[in-house]
Amino acid sequence: MTYILQIETSHPTCSVSISQDGNTLHEVNGTEVNDHAGQLAPMIATCADMCNIPLSALSAVAVSIGPGSYTGLRIGLSTAKGICYGLQLPLICISTLVSMAAGARQQMEGASVDYLCPLIDARRMEVYTALYDKNLQEVIAPSALIVEAVPMRDSIDSNQHLAFFGSGTDKLSSLLQGEKNTILTNYKVLSSYMSGLAIDA
């Protein structure tokens, strides 16, 4: 059996989960905003206890590598690297944008969606974004986008359904209105969205 510890710290609240062979066993999500340093280690211990799996039984550690909060990512990566170094485990780095797309696809299972577009608030008038098809294949590479237009529509057929989600949707809300556009509200970035990606990696 392959047990993977998954750490997500790119956003204001952190998330930890353990998966077995690509299926999430348990997930612990932080409640305090921007307290990754204080919450992350206890959350990892709690998750391991709930799964009754010692860290020594892990096969690997997966961690989000951004884009996102620099401080949060630094804490997540240093924690993941410390565990991997101490236990001689492989470290799996996963793009936050791909993980978000995997989560949106999971949330919209059964819906008619052709493309997935994560949006992360990058402060001022920018968002971090990319575009993926429903198989999570990259259509537009990750980049920082100034909020003036939505170029993703220029890259796909106008009849295809596009889903937008993430903290950057508020900035683009007026631009995202359209019959073939879906905006996922209250979307949370979770570590469990890495389960399938981590086992594949």
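The values are calculated or read from the model by the stated rules, or taken from the named source; none is laboratory data. Quick caveat: nothing in here was measured; it's all calculated off a predicted structure. Because the Cβ atoms are built from the backbone with ideal geometry, glycine has one as well, and the counts that use them run over all protein chains shown. Just so you know, the surface numbers come from the protein's heavy atoms only, side chains and all, with ligands and any DNA or RNA stripped out. Shrake-Rupley method; radii C 1.70, N 1.55, O 1.52, S 1.80 Å.
Listed by first and then second residue, the pairs with beta-carbon distance under 7 Å, at least 6 apart or on different chains, first residue in the stretch 21-35 and at pLDDT 95 or above, second in a loop (DSSP other than H, G, I, E, B) and surrounded by 17 or more Cβ atoms within 10 Å (Cβ to Cβ), are Glu27/Leu190; Asn29/Thr13; Asn29/Leu190.
The residue that is modelled with the lowest pLDDT, among those in the stretch 148-201 that are surrounded by fewer than 18 Cβ atoms within 10 Å (Cβ to Cβ) and in a helix (DSSP H, G or I), is Pro151. Taking the conditions (1) open to solvent by 10 Å² or more (accessible area, probe 1.4 Å); (2) of a type outside the set (Lys, Arg); (3) under 15 Å from Ser78 (Cα atoms) in turn, Ser10 satisfies each one other than (1).
Close contacts from the stretch 97-113, counting a first residue that is modelled with pLDDT under 95 and a second that is surrounded by 18 or more Cβ atoms within 10 Å (Cβ to Cβ) and among the aromatic types (Phe, Trp, Tyr), with Cβ to Cβ under 7 Å and a gap of 6+ residues or different chains, come to Gln106/Tyr193. Remark: Ile18 matches the filter, which requires a residue to be of a type outside the set (Gly, Ala, Ser), without any contact (Cβ under 8 Å) to a residue 60 or more places away in the chain, surrounded by 21 or more Cβ atoms within 10 Å (Cβ to Cβ) and within 25 Å of Asp200 (Cβ to Cβ). Applying the set (1) touching a residue at least 40 places away in the same chain (Cβ under 8 Å); (2) under 30 Å from Ile44 (Cβ atoms); (3) of a type outside the set (S, T, N, Q) to Tyr132 leaves exactly one unmet item: (1).
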